[in-house]
Amino acid sequence: MIENLPKTYNPKDFEDRLYDFWMENEYFVAQVDRNKEPYTIIMPPPNVTGDLHMGHALNNTIQDILTRWKRMSGYEALWVPGTDHASISTEARVVNKLAKEGKTKEELGREAFLEEAWEWTRLYGGNIKNQLKKLGVSCDWSRERFTLDEDMSKAVEEVFIRLYSKGLIYRGDRIINWCPDCGTAISDAEVEHVESHGQIWHINYPIKDSDERITIATTRPETMLGDLAVAVNPEDERYKHLIGKTAILPLVNREIPIISDDYVDMSFGTGALKITPSHDPNDFEIGERFNLGQYVVIDEKGYINSNGGPYEGLERFEARKRIVEDLKEEGYLNQVKDHENAVGHCERCNTIIEPIISKQWFVKMEPLAKPALDAYKNGELNIIPERFGKIYVNWLENIRDWCISRQLWWGHRLPVYYCDDCNEIMVSRTEPNRCSKCGSDRISRETDTLDTWFSSALWPFSTLGWPEETEDLKYFFPTDVLVTGYDIIFFWVIRMVFSSLEQMGELPFKDVFLNGLVNDSQGRKMSKSLGNGIDPLEIIDVYGADALRFTLVTGNTPGNDMRFHMEKVEASRNFANKLWNASRFVLMNLDEDVVSKDFNLIDLEEEDKWIISRLNDAIKAVTHNLDKYEIGLAAQKIYDFIWDDYCDWYIEMVKSRLYGDDQASKELAQRVLLYVLKDINRLLHPFMPFITEEIWQHLPHEENALIISQWPVYKEEHRFEESEKTIEYVKSAIKAIRNARAEMNIGPFKKSMIIFVVENEAIKDLIIEGKRYFINLASAEDIEIVNNKEGLDGDYISVVLDKAEAFLPLKDLIDYDKEIERLEKEEERLQAELKRVRGKLSNQGFVSKAPEKVVNAERDKLKKYEEMMDKVLERLESLRRDK
RNA sequence: GGGCGAUUAGCUCAGCUGGCUAGAGUGCCACGUUGACAUCGUGGAGGUCAUUGGUUCGAGCCCAAUAUCGCCCACCA
């Protein structure tokens, strides 16, 4: 006795159970198997203390689809999971937690703080992992990594040392982006420019020993405290005579030179530029050219320091206010204008960035960027969708050195040591005992840690064991595809590419498949502050993981953002329910002794051949779509095949056989039903792993689990073009008859004879072939085929078909006015078609230049419509006459 | 200031290298408790494919402009 599925589809009954089942059988665990081709994906590591959001759900669903598909296709599929220590974010949270306890990290000290952070990580670190499991991800948990693991740290250290010894990492005083709130330097990529309405102040600087003054323009008046010069363009007639003179800084009365530099744009502002080398990147460069030195006035907390004279101790924006007031009061303020400009904000905490000169560690980017650029330009690296290639190129072509040191504790501490006596820098895997230069034993280690992205950049090879020459590394590297959001191309994708090219000598992956962002139903970004976030776990709880996964990958195109709609989740759930019930139907009609026997292609009936042929097409199309990362199209194709072809037509067509007396035909139908259903589940498995596995476990099956079964392949011998034509013809006839009945308000229970008038022998055969279908699906009592209309009385509905006409004698049920109306509508429709086709065919250009196939198709159509039109008109005429 | 994307049915979106009557889901209307499924079935209404011009025998798709919305990049103070 074959056990059927429960009556209702309830994903909660089996999703967790099946995940355990897969885990227990180690189906996710990949082996180094030289007889198989590897397929490798590394998971973009979510923040260890984070929670699963829709972006993760989408991204991981895509990776899981690819992994499951390749696993079923005979590859040794490895998907490496892991988490990221997310230094700034995690450290901020721990600091926050300490603050609530009335403690600061400085009070605690480094050691104790790190203990706290590890504790925090242990506490929340498991969340995201369990949440991912709910989604059904088939990643290899035995290879799970964390960016702060010992071996990951070893890789980080190794890369740092290698780059340093090649001169690609250096330490220097440069203008960096300083976040006063996070208390650390950040890289350019971490600065978000926000367009904002500000003001621009024009300030008069008096000229020494003169009544003249020079007016400068600035959007940050507080930085005037740090001015070391005023610059004008050498060609500027207005100021030529002032070059070389001295200006007096208002309020603080410091003397500064007036210099000239091409950089100054005469047309902007007043044409005179104040130069603050310590707090502006451009000014810094001009300062270098003129040897102006440095004069820092804003400290690490964003307050004016002792160089700021009377403004010392003021917060930077407070200082701005006060300085503007004072300038006004003392008559230095020339004017104030509204001004739009882009203000840099800290990507994480949204604080306004302060450019500050600071001693930091940098990666020299130019030599690294070049190979990364080449790899893309010569086509080795494939970016999908293509348009993001431009972004990749643009970034690399305009790259600036990467500030990698962070004034944080939670992260990889730089393997750098300083001699307390002679300041010698030593980069080393272990702490040196003595200074390599002066021999002093007073050594201290660098306190800074590395940018989180420094370790993520190594992820494709560090997770596989590098710098050790592991078997995993040799077999699984390079990986096949990187699946991630387009929003981290700069942060991550590019850095992985150049790191891998530098360390491994090859690309970390061949393809980069970029997914869009998941927005709310109004197209707004989901965010905590807006409170419009939708928790994937809640969706899974109510609708099941399969429904969520399907929703996320259907009906959108790679790289495009999507809106999340509840209705769509419901639709996906309904689809799962449909498959569930179709499977129940098959199981309840399956005789146990039938399953062992295979079917013989010769015995198949038309509808069997049709569905097998359709399945064959679906297999080909879905595989092709997946190959091209057209996940949404693949999902749609399976959906249509299951719902339209299999459920709406095949199952309905086959019912008469299942309930009939012909034992052989009945058994054959069962076998085909089962055969197709099994392939359906295989095809759908990557998308909806749970329901398909659950159904599979109830179906008679050879492989122990669907997840490790064989992906279906296209078979030439399963192509049945003639049967497809037959069934498609019958389908369209049934639809036409149903349509006519519905329009005439004659319900399905009022059955009638269908008399077909057909002259064409081939069509006659088709209709005889389709008799069962007309009876079951078009409410036919029986069918009859005649050569002409003679002998038929006028009491019928006429349905004009291609090369045939169907008559439904329904006598007194027929409203003839309505019948005329219906046929007139049909006439109108045909008229429009005829006009279009005739127009095309009378166009000489079309007939002579279009491919013959296209022209012939139009000719066939013309003939078909003409014949149909004749019948419609004839019928209309007789109706009008009788009336 | 540059770049990119979007604009297709009431709504959300597909539409692969230009070629059947432009599709789906959802919503809407009508009918339906037929032995898988009302989380369903059958039928229907609903579109100048943003606008203009061009290329082509043929354009939702290619090209050029325009408009609106969104995103990204950017050291004009």
>> If packing is taken as the average count of other Cβ atoms within 10 Å, what order do A:783-790, A:489-496 fall into, highest mean first?
In response: A:489-496, A:783-790
> Most exposed first by the Cβ proxy, i.e. fewest other Cβ within 10 Å, how do A:ASP265, A:ASP793, A:ASP64 rank?
Replying inline: A:ASP793, A:ASP265, A:ASP64
> Of the peptides A:67-80, A:205-218, how do they stack up when ordered by the mean number of other Cβ atoms within 10 Å, highest first?
Replying inline: A:67-80, A:205-218
> Given chain A, what percent of its DSSP beta bridges are antiparallel, to the nearest 5?
Replying inline: 70 percent
> Toward the positive end of the charge dipole of chain A, about the Cα centre and with charges on Cβ (Lys, Arg +1; Asp, Glu -1), which of A:SER89, A:ILE275, A:LEU66 goes farthest?
Replying inline: A:ILE275
> What ranking, highest mean first, results for peptides A:676-686, A:439-449, A:554-564 when packing means the other Cβ atoms within 10 Å averaged over each residue?
Replying inline: A:676-686, A:554-564, A:439-449
> Based solely on its DSSP helices, what 222 nm [θ] is calculated for chain A when runs of n ≥ 4 H residues each add -39,500 (n - 2.57) and the sum is averaged over all residues, nearest 500 deg cm²/dmol?
Replying inline: -13500 deg cm²/dmol
>> Whole angstrom only: what separates the Cα centroid of the stretch A:89-125 from the Cα centroid of the stretch A:330-381?
In response: 30 Å
> What is the order of A:VAL497, A:VAL191, A:VAL29, fewest Cβ neighbours within 10 Å to most?
Replying inline: A:VAL29, A:VAL191, A:VAL497
> About the Cα centre of chain A, what is the dipole size in debye to 20, counting +1 per Lys and Arg Cβ and -1 per Asp and Glu Cβ, all else neutral?
Replying inline: 820 debye
> Taking the Cα centre of chain A as the origin and placing charges on Cβ (Lys, Arg +1; Asp, Glu -1), which of A:HIS412, A:VAL672, A:ILE353 is farthest toward the positive end of the dipole?
Replying inline: A:ILE353
>> For chain A, what does the relative contact order come out to in percent, with C-alpha contacts under 8 Å and a separation of six or more?
In response: 13 percent
> For the stretch A:734-848, what's the relative contact order in percent, using C-alpha pairs closer than 8 Å and at least 6 residues apart?
Replying inline: 29 percent
> What does chain A give for Rg and for Dmax, in Å, if only its C-alpha atoms count?
Replying inline: 37.3, 122
>> Compute, for the stretch A:698-776, the length of the dipole vector about the Cα centre, with Cβ point charges of +1 (Lys, Arg) and -1 (Asp, Glu) only. Units Debye, rounded to 20.
In response: 700 debye
> Which listed residue (A:LEU132, A:TRP118, A:THR147) has the Cα farthest towards the positive end of the charge dipole for the stretch A:109-156, taking +1 on Lys and Arg C-beta and -1 on Asp and Glu C-beta about the Cα centre?
Replying inline: A:LEU132
> Once the other residues with Cβ under 10 Å from the Cβ of A:CYS435 are scored (Lys, Arg +1; Asp, Glu -1), what is the net sum?
Replying inline: -1
> What distance in nm separates the simple spin-label points at A:ASN745 and A:ILE2, each placed 7 Å from Cα in the Cβ direction?
Replying inline: 4.5 nm
> Summing +1 for each Lys or Arg and -1 for each Asp or Glu, what net charge is found among the other residues whose Cβ lies under 11 Å from the Cβ of A:GLY516?
Replying inline: -1
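No lab work stands behind these numbers, since they all come straight from the coordinates. Keep in mind it's a predicted model, so treat the numbers as computed, not measured. Note: ideal-geometry Cβ built from the backbone for every residue, glycine included; neighbour counts use all protein chains shown.
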